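Presented below is the structure to which this report refers.
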Amino acid sequence: MSNALRDADIRYVLHPYTNLAAHEEKGPMIAVRGEGVKVFDTAGKEYIEGMAGLWCASLGFSEPRLREAALRQMDALPFFHQFGHKSHAPGIELAERLIGMAPDGLTKVFFANSGSEANDTVVKIVRYMNNILGRPQKKKIIARERAYHGVTVAAASLTGLPVNHRAFDLPIEGVVRTGCPHHYRYARPGESEDAFATRLADELEAQILAEGPETVAAFIAEPVQGAGGVIIPPATYFDKIQAVLKKYDILMVADEVICGFGRTGNAWGSQTYNIRPDILTCAKALSSAYLPISAVLVSDAVYQAVKKGSAEIGSFGHGYTYSAHPVAAAVALETLKIYEERDLFAHTRAVSPTFVTHLMRYADHPLVGNARGIGLVGALELVADKATKESFPPAAAVAARLVELAQEEGLILRSLAGDIVSFCPPLIITDAELDEMFTRFDRAMERLTAQLG
Ligand code: PLP
């Protein structure tokens, strides 16, 4: 069966985020079953899912309550929507619960199906709002180098990674790029984390002044940058950035697609970094990824402008067929109940020291330039020369090799641009499972070290 499936995969599937030419040689790893933090492939081989899928399956791969919530909703009402004064209980209750747990000041929820759609919605809301408020020149959005906000046309434009722009004729107009708070890579020699954060905020202010503050509408940021390399900002970074935004009446948009729902040890990355968002996007762990759903939470000021526009124009002309899909909403609602009942964010804080200690064991490893982690997200940044921080040649694909070796050892990780290996296990992971995860990783690292010998 697995050979036929493998062949059919190569023949018919255009894989996302894949070197398609290499895939025709290599073929897929085909998962068939999940159990807790583990998945199993067609040969029955077991893997610890060290990335929770794509930073998302926070409750692991076999939570029966989510299955039951989906079945109940399928039986009761498999589809309805929220267009034109219609609604349904799971969509309403989920919005209420999200606002109940959201950072202060967020009052309304718009649902979509993916992080990309949520961030695309932000771009549209920001435009709509400023047109309605009579300041049509205030439209630019500032996003950071190495940001990841998704892949639809507007969201990919906010994303600050070359692979998402090259050959796609992106970014679109109106996106201003600012610096990335990766102290290890971008601080000047001897520059403290705090001084580095001050410099980034000063640079941001200079950019805003150069653009004209009356043309800048919003700043978007992931609390911890995920796909750009698991970049943990200096402790004072967001305070300094937000002081600048406030001065020029620029909205703070928190992209909580990865950080939301406990990843950094608090419900929101915004709590961990003292971010006070005017708009917040979330997805992934919102439903533990069991069904696609995302949300955009907005402040009352944003909502009032959108409301005014919808009355003037006759409708808020935006919404997806599957916005607040009732089955996805029911699963998300059950997910949020589970987080609360099991106090899962406290669990994350409790096991985080085991996770971070394992990562930090590698801080002195000759191949590791920087080890970092917070909550249950972390990374090892590989370098050819620890003293100079010189990278390996990209063609050597050292992090990708390490990830392949880890997979052979029964551990799924991900390599990111810049020879970074990322870790983002399900939040339900235990101390013992973390130990096992790093035992497997140790074996992979030993093999890579021997190979590079
Ligand atoms: N924003 C962040 C921070 C993400 O990490 C991602 C996906 O990884 C997205 C947005 C895009 O989400 P999606 O892949 O669901 O469109």
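Each value in this text was obtained by applying a stated rule to the coordinates, not by laboratory testing. This is a predicted model, so every value here is computed, not measured. Heads up, the Cβs are rebuilt from the backbone with ideal geometry, glycines too, and the neighbour counts pull from every protein chain shown.
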Would you mind giving the average projected area, over all directions, of the Cα convex hull of region 158-285 in nm² with one decimal?
8.3
Go through region 334-434 and name the trypsin sites (Lys or Arg not before Pro) that are in a DSSP coil and have 10 or fewer other Cβ atoms within 10 Å of their Cβ.
none
With +1 on each Lys and Arg Cβ and -1 on each Asp and Glu Cβ, how big is the dipole of region 132-222 about its Cα centre, in debye rounded to the nearest 20?
260
Starting from the Cα of Lys45, draw a straight line to each of the lysines and keep only those under 25 Å, dropping any in the same chain fewer than 8 residues away.
Lys26
Between region 1-40 and region 347-377, how many Å separate their Cα centres?
30
Sequence gap at least 6, Cα distance under 8 Å: using those rules, report the relative contact order of region 263-310 to the nearest whole percent.
26
Using amide H atoms built in the peptide plane, which far-off residues or other-chain residues are under 5 Å from Val32 H to H?
Phe40, Asp41, Thr42
Take peptides 55-62, 392-399, 157-164 and line them up by average Cβ neighbours within 10 Å, highest first, as a rough protection proxy.
55-62, 157-164, 392-399
Counting sequence-distant residues (5 or more places) and residues on other chains, those with an amide H built under 5 Å from that of Gly369 are Glu381, Leu382, Val383
Choose one of Gly228, Val109, Leu376: the residue whose Cα lies farthest towards the positive end of the charge dipole of the chain (beta-carbon charges +1 Lys, Arg; -1 Asp, Glu; about the Cα centre).
Val109
The answer for Arg414, listing residues at least 5 apart or on another chain whose modeled amide H is closer than 5 Å to its amide H, is Ser422
Tell me the relative contact order for region 66-342 as a rounded percent, counting alpha carbon contacts under 8 Å between residues six or more apart.
28
Going by a ≥ b ≥ c, the root eigenvalues of the Cα gyration tensor, does region 303-404 fall in the rounded group (a/c under 1.5), the prolate group (a/b larger than b/c) or the oblate group?
prolate
Could you tell me which of Gln304, Ser58, Gln451 has its Cα farthest along the dipole of the chain towards the positive end, charges placed at Cβ (Lys, Arg +1; Asp, Glu -1), taken about the Cα centre?
Gln304
Looks like region 249-371, by Cα gyration tensor root eigenvalues a ≥ b ≥ c and the a/c under 1.5 rounded cutoff (else prolate when a/b is bigger than b/c, oblate otherwise), is prolate
Rounded to the nearest 20 Debye, what is the dipole magnitude of the chain about its Cα centre when Lys and Arg each give +1 and Asp and Glu each give -1 at the C-beta?
820
Can you tally the net charge around Thr236? Count Lys and Arg as +1, Asp and Glu as -1, for every other residue whose Cβ sits under 14 Å from the Cβ of Thr236.
-3
With unit charges on the beta carbon (Lys/Arg positive, Asp/Glu negative), name the residue among Met129, Ala89, Ala118 whose Cα is farthest towards the positive pole of the charge dipole of region 88-140.
Met129
Quick one: Cα centre-to-centre distance for region 146-206 and region 392-453, in angstrom?
26
How do the peptides 18-31, 271-284 rank, highest first, by the average count of neighbouring beta carbon atoms within 10 Å per residue?
271-284, 18-31
Can you say what percent of the DSSP beta bridges in the chain, counting only those with both residues inside, are antiparallel? Round to 5.
65
So what are the radius of gyration and Dmax for the Cα set of the chain, in Å?
22.0, 68
Quick check on region 350-402: take the gyration tensor over C-alpha atoms, sort the square-rooted eigenvalues as a ≥ b ≥ c, and tell me if it's rounded (a/c under 1.5), prolate or oblate.
prolate
Region 207-323 - share of DSSP beta bridges that are antiparallel (%, nearest 5):
40
Peptides 188-196, 65-73: what's the order by average Cβ count within 10 Å, highest mean first?
65-73, 188-196
Applying the Karplus parametrisation 6.51 cos²θ - 1.76 cosθ + 1.60 with θ = phi - 60° to the phi angles of region 267-274, what ³J(HN,Hα) value in whole Hz is obtained for each residue in order, glycine and proline being reported as x?
3, 10, x, 4, 5, 4, 10, 6
Compute log10 of I(q)/I(0) for region 1-160 with the Debye formula, placing one identical point scatterer on every Cα and leaving out solvent, at q = 0.14, 0.16 Å⁻¹, to two decimals.
-1.12, -1.28
On a 20 Å Cα-Cα criterion, which of the cross-link pairs Lys38/Lys337; Lys138/Lys246; Lys108/Lys307; Lys139/Lys247; Lys247/Lys308; Lys138/Lys247 come out too long?
Lys38/Lys337; Lys247/Lys308
From the helices alone, meaning DSSP H stretches of at least four residues, give me the mean residue ellipticity at 222 nm for the chain, per-run term -39500 (n - 2.57), in deg cm²/dmol to the nearest 500.
-13000 deg cm²/dmol
Which value results when the Cα radius of gyration for region 177-227 is divided by 2.2 N^0.38 Å?
1.26
Below 8 Å, C-alpha to C-alpha, sequence gap of six or more: please give me the relative contact order for region 17-146 in percent.
10
Please give the Cα centre distance for region 76-120 versus region 259-309, rounded to the nearest Å.
11
